[in-house]
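A.B. asks: The structure under discussion is supplied below as structure tokens; questions concerning it will follow.
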């Protein structure tokens with residue numbers, strides 16, 4: 001089997017794309033789709049074994065990737081990582097700032113250290129990677145950057161540190177789009193909503209019932225797939241988005257538009273499937289998170 005992308009074969013032939021957090025979840029999925037479309041990947045992350053596993057998958061599928069161990073929160077490490085990528089590939093055409101993370105806790109229980117850790121992971125790290133890719137290579141020949149944020153419109157109860165960081169990344173995206181446009185660099189963001197991703201396998205067991213109920217708050221009546229998210233990222237990297245910059249593409253099934261007092265008419269996923277309306281899932285190696293199989 002191979003990745004069933006909706007995009008034209010060879011679309012990214014000869015292009016080099018950096019994917020942070022490329023060892024799992026959405027990062028792994030988008031790396032597979034870009035590779036299937038001809039891109040050479042530079043996978044960035046903190047855990048060697050995860051990156052090696054994805055590198056091996058890509059090789060089995062006929063693709064190519066280098067791996068780069070990097071804590072994106074460390075400025076000097078980020079600078080050297082981009083130097084190393086350029087030494088191996090000569091240029092960087094695209095950057096997907098996917099790395100990040102958070103934990104659930106109420107605002108009053110978040111320590112300064114915990115707040116800083118989440119902000120550094122979800123905001124500062126993306127800024128550092130973007131800045132270095134821009135200054136070291138994209139300022140010379142252009143490029144495209146896609147920042148992965150989150151469904152933080154309205155609020156993120158229990159994840160206030162992450163919501164603040166993601167909102168900051170949206171603002172950074174809009175500013176970078178203006179400042180770097182004259183060098184042919186486009187900067188956009190993708191905001192995934194409730195996505196059935198491998199990251200859910202790390203949630204505490206007691207969260208499982210709540211997670212399974214979350215689809216009832218989504219007007220489309222289901223979780224999104226990693227492939228549906230990857231398709232949005234690939235589109236924004238592609239020539240089809242050559243006049244799109246400073247935008248945030250939400251991939252969330254209209255969840256932020258649900259309003260108290262308005263009767264929720266959630267789509268019936270089983271009925272849609274009978275009518276041939278199914279989630280897009282072109283990722284041939286995708287696995288359903290464990291929370292949906294118990």
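The values are calculated or read from the model by the stated rules, or taken from the named source; none is laboratory data. As the structure is a computational prediction, the values presented were derived from the model and not from experiment. Ideal geometry is used to build each Cβ from the backbone, glycine not excepted, and the neighbour counts take in all protein chains shown.
A.B. asks: Take the residues in the stretch 147-164 that are in contact with a helix residue (DSSP H, G or I) (Cβ under 7 Å, 6 or more places away or on another chain) and either exposed (fewer than 15 other Cβ atoms within 10 Å of the Cβ) or part of a loop (DSSP other than H, G, I, E, B) (or both); name whichever of them is modelled with the lowest pLDDT.
C.D. replies: Among those that are in contact with a helix residue (DSSP H, G or I) (Cβ under 7 Å, 6 or more places away or on another chain) and either exposed (fewer than 15 other Cβ atoms within 10 Å of the Cβ) or part of a loop (DSSP other than H, G, I, E, B) (or both), it is 154.
A.B. asks: Residue 130 fails exactly one of the following numbered conditions: (1) modelled with pLDDT under 95; (2) under 15 Å from the mean Cα position of the chain (by Cα); (3) surrounded by 19 or more Cβ atoms within 10 Å (Cβ to Cβ). What is the number of that condition?
C.D. replies: Of (1) modelled with pLDDT under 95; (2) under 15 Å from the mean Cα position of the chain (by Cα); (3) surrounded by 19 or more Cβ atoms within 10 Å (Cβ to Cβ), only one is false for residue 130: (1).
A.B. asks: Only one of these is in contact (Cβ under 8 Å) with a residue 24 or more places away in the chain, in contact with a strand residue (DSSP E or B) (Cβ under 8 Å, 6 or more places away or on another chain) and assigned to a helix (DSSP H, G or I): 227, 231, 177. Name it.
C.D. replies: 177
A.B. asks: Considering every residue within the stretch 30-52, establish whether at least one is under 30 Å from residue 287 (Cβ atoms), in contact (Cβ under 8 Å) with a residue 60 or more places away in the chain, surrounded by 15 or more Cβ atoms within 10 Å (Cβ to Cβ) and in contact with a helix residue (DSSP H, G or I) (Cβ under 6 Å, 6 or more places away or on another chain).
C.D. replies: Looking through the stretch 30-52, at least one residue is under 30 Å from residue 287 (Cβ atoms), in contact (Cβ under 8 Å) with a residue 60 or more places away in the chain, surrounded by 15 or more Cβ atoms within 10 Å (Cβ to Cβ) and in contact with a helix residue (DSSP H, G or I) (Cβ under 6 Å, 6 or more places away or on another chain).
A.B. asks: Something else: Out of 193, 184, I need the residue that is buried (at least 19 other Cβ atoms within 10 Å of the Cβ) and touching a strand residue (DSSP E or B) at 6+ places or on another chain (Cβ under 8 Å). Which one?
C.D. replies: 193
A.B. asks: In this structure, does residue 144 turn out to be part of a strand (DSSP E or B), buried (at least 19 other Cβ atoms within 10 Å of the Cβ) and in contact with a helix residue (DSSP H, G or I) (Cβ under 6 Å, 6 or more places away or on another chain)?
C.D. replies: In short, yes.
A.B. asks: With the checklist (1) within 18 Å of residue 126 (Cα to Cα); (2) touching a strand residue (DSSP E or B) at 6+ places or on another chain (Cβ under 8 Å) in hand, flag the one item residue 74 doesn't pass.
C.D. replies: (2)
A.B. asks: Filtering the stretch 263-287 down to residues that are in contact (Cβ under 8 Å) with a residue 40 or more places away in the chain and part of a helix (DSSP H, G or I), which residue is nearest to the chain's Cα centre (by Cα)?
C.D. replies: 269
A.B. asks: Would you pick out the residues in the stretch 246-262 that are over 29 Å from residue 205 (Cβ atoms), at pLDDT 75 or above and more than 17 Å from the chain's Cα centre (by Cα)?
C.D. replies: 254, 257, 259, 262
A.B. asks: Out of curiosity, is residue 242 surrounded by fewer than 13 Cβ atoms within 10 Å (Cβ to Cβ) and modelled with pLDDT of 80 or more?
C.D. replies: yes
A.B. asks: Continuing with the same structure: At positive phi, at pLDDT below 95 and either surrounded by fewer than 19 Cβ atoms within 10 Å (Cβ to Cβ) or in contact with a strand residue (DSSP E or B) (Cβ under 7 Å, 6 or more places away or on another chain) (or both): which single residue out of 199, 221 fits that description?
C.D. replies: Working: 199 fails: at positive phi.
It is 221.
A.B. asks: For residue 117, state whether it is within 15 Å of the chain's Cα centre (by Cα) and either buried (at least 19 other Cβ atoms within 10 Å of the Cβ) or more than 15 Å from residue 180 (Cα to Cα) (or both).
C.D. replies: Details: within 15 Å of the chain's Cα centre (by Cα): no; either buried (at least 19 other Cβ atoms within 10 Å of the Cβ) or more than 15 Å from residue 180 (Cα to Cα) (or both): yes.
Criteria not met by residue 117.
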